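The values are calculated or read from the model by the stated rules, or taken from the named source; none is laboratory data. Source: prediction; values computed, not measured. As a convention, Cβ positions derive from the backbone with ideal geometry for all residues, glycine included, and neighbour counts pool all protein chains shown.
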Amino acid sequence: MLNEPQIQRYARQVLLRDVGERGQEALGAIEVELALGGAVAAAAAAYLRAGGTEAHAGPGGAGPWAPMEPLLGAPPASRLRVLGAPGAPQRSGVVVGSAAGTHVLWSVAGDACRACLARVTAALAPPDVPEPASVQVGSVLALLVQRRALGLAPALEGLQLSPAGVLSTLGAEPCTHRPPSVPDAVLAELVRHLAAALPEEGCAVLLGREDRVRLVPMVNAQTAHHARDPDAFPRTARRAFSFDPRAWLAVLREADQAGERVLAIAHSHPEGGSGFSAEDRRHAAPDGQPLFPGVAHLVISFEGRRPLSGRWAVWTDGDFLETACPLPHVP
Amino acid sequence: MTPDARIDITAEVCPMTFVRTRIALERLPVGGVLEVRLKGDEPLRNVPGSARDLGHTVLGLEPLDDGTWRLLLRREGAGC
């Protein structure tokens, strides 16, 4: 709880819709290490400290300021690190850089995907902020830190400031280095669809747009392929899956029209097995490169009619990385 | 209706009128009722509307004999 002098001092922030007393406490619960010299750091520190957030030049190096009295009576619980490109904070923080004459800032959550961070900051040069832009960059930096503290920022949040002082937001591409997050209701629908195909392998596609994910049930065309050309398709649908090329094309066209992305290709292993098999790998990356870049694979193993386990396989650093996909209870 | 908390902002001026109200609401559990005593045009115009903007419910507003007003607010979950 804020005490009386703090209420008086931060009254105008407490008024803001996204702040309140709880938000003001959140601003006091972090400290910012400005591992970035010069006028930008000085300006950011001034704004942050005025807003109730301790900012300093690093452990022991308080800069020109005396340490702040902790807002909550205890030292701040978490620390954000601000540094210049090409650096990257190991946990939560902000990267400041320059690109084609503009100033670019990326705010990073502690659990943000590091590969995505590397991608968005790859082309950044070290910050080069002439006067008087440093005050503007410093204030934008403070704003990004405050949004992170208040829980208003996505995992990666970028802002760009043109030499003329025009501020624009930078979008991060959807992360494809981690399995997509799929609501339990959609997973349950998938499990039911795959169970209906037993004892054959079932298959499906997951499409997504922003936070919405939907299932497109697919027919396993493997048996038909096998009947037509047993040499090219030695396995039937009991041991393999494949889409009918026309059906697959229709799904891609439909997704394209709806502005959706293919998040994942899912299939089942009717007789257990331990997730993404060597055969699955060969099919998904025939020449050592993924056939569908940015598309995850999901394998659900069954024992009898019961779904045993779900495994994600996501192409990361030249290989498929497997992680568990917890399955919802499906009656 | 018996409120869960009471504040008196008759001696406050803008913006402290709503700062006090907002903090008092935030300190209540969801569903809690706050009684606010207020006086004058400014808080009468602003405090109920600002509380509503944050998602809280205005349960009642009535004049009292001494020229002040009694505002009853219910703290809702969405606003804070």
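The table for this structure:
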read-out: Qualifying helices (runs of 4 or more DSSP H) (wholly inside region A:1-83; at least 1 residues being more than 19 Å from A:Ser139 (Cα to Cα) and within 14 Å of chain B (Cβ to nearest Cβ)); value: A:4-9, A:11-14, A:20-28
read-out: Residue count for region A:254-279, restricted to those that are in contact (Cβ under 8 Å) with a residue 24 or more places away in the chain and among the polar types (S, T, N, Q); value: 2
read-out: A:Val95 in a strand (DSSP E or B), in the same structural domain as A:Ala155 (by TED's automatic domain parsing) and of a type in the set (A, V, I, L, M); value: yes
read-out: In region B:1-37, residue farthest from B:Gly55 (Cα to Cα) [restricted to those that are among the small types (Gly, Ala, Ser) and more than 10 Å from chain A (Cβ to nearest Cβ)]; value: B:Ala11
read-out: Restricting region A:259-279 to residues that are more than 20 Å from A:Arg192 (Cβ to Cβ) and out of contact with any strand residue (DSSP E or B) (no Cβ under 7 Å at 6 or more places or on another chain), the residue that is surrounded by the most Cβ atoms within 10 Å (Cβ to Cβ); value: A:Ser277
read-out: Residue that is farthest from A:Asp184 (Cα to Cα) [pool: residues in region A:272-328 that are touching a Phe, Trp or Tyr at 6+ places or on another chain (Cβ under 9 Å) and charged (D, E, K, R)]; value: A:Arg281
read-out: Search result, residues across region A:65-92 that are in contact (Cβ under 8 Å) with a residue 40 or more places away in the chain and over 22 Å from A:Ile7 (Cβ atoms); value: A:Ser78, A:Arg79, A:Leu80, A:Arg81, A:Val82, A:Leu83, A:Gly84, A:Ala85, A:Pro86, A:Gly87, A:Ser92
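For every residue, the table says whether it meets (1) surrounded by fewer than 17 Cβ atoms within 10 Å (Cβ to Cβ); (2) within 14 Å of chain A (Cβ to nearest Cβ); (3) closer than 14 Å to B:Thr10 by Cα; (4) not basic (Lys, Arg).
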| position | (1), (2), (3), (4) |
| --- | --- |
| B:Gly40 | yes, no, yes, yes |
| B:Pro48 | no, no, no, yes |
| B:Arg52 | yes, yes, no, no |
| B:His56 | no, yes, no, yes |
| B:Pro63 | yes, no, yes, yes |
| B:Asp66 | yes, no, yes, yes |
| B:Leu71 | no, no, yes, yes |
| B:Gly77 | yes, yes, no, yes |
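Residues checked against (1) touching an Asp or Glu at 6+ places or on another chain (Cβ under 6 Å); (2) under 18 Å from A:Pro328 (Cα atoms); (3) outside the structural domain of A:Val96 (by TED's automatic domain parsing); (4) at pLDDT 90 or above:
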| position | (1), (2), (3), (4) |
| --- | --- |
| A:Leu190 | no, yes, yes, yes |
| A:His193 | no, yes, yes, yes |
| A:Glu210 | no, no, yes, no |
| A:Val213 | no, yes, yes, yes |
| A:Val216 | no, no, yes, yes |
| A:Leu252 | no, no, yes, yes |
| A:Ala258 | no, no, yes, yes |
| A:Ser268 | yes, yes, yes, yes |
| A:Phe276 | yes, no, yes, yes |
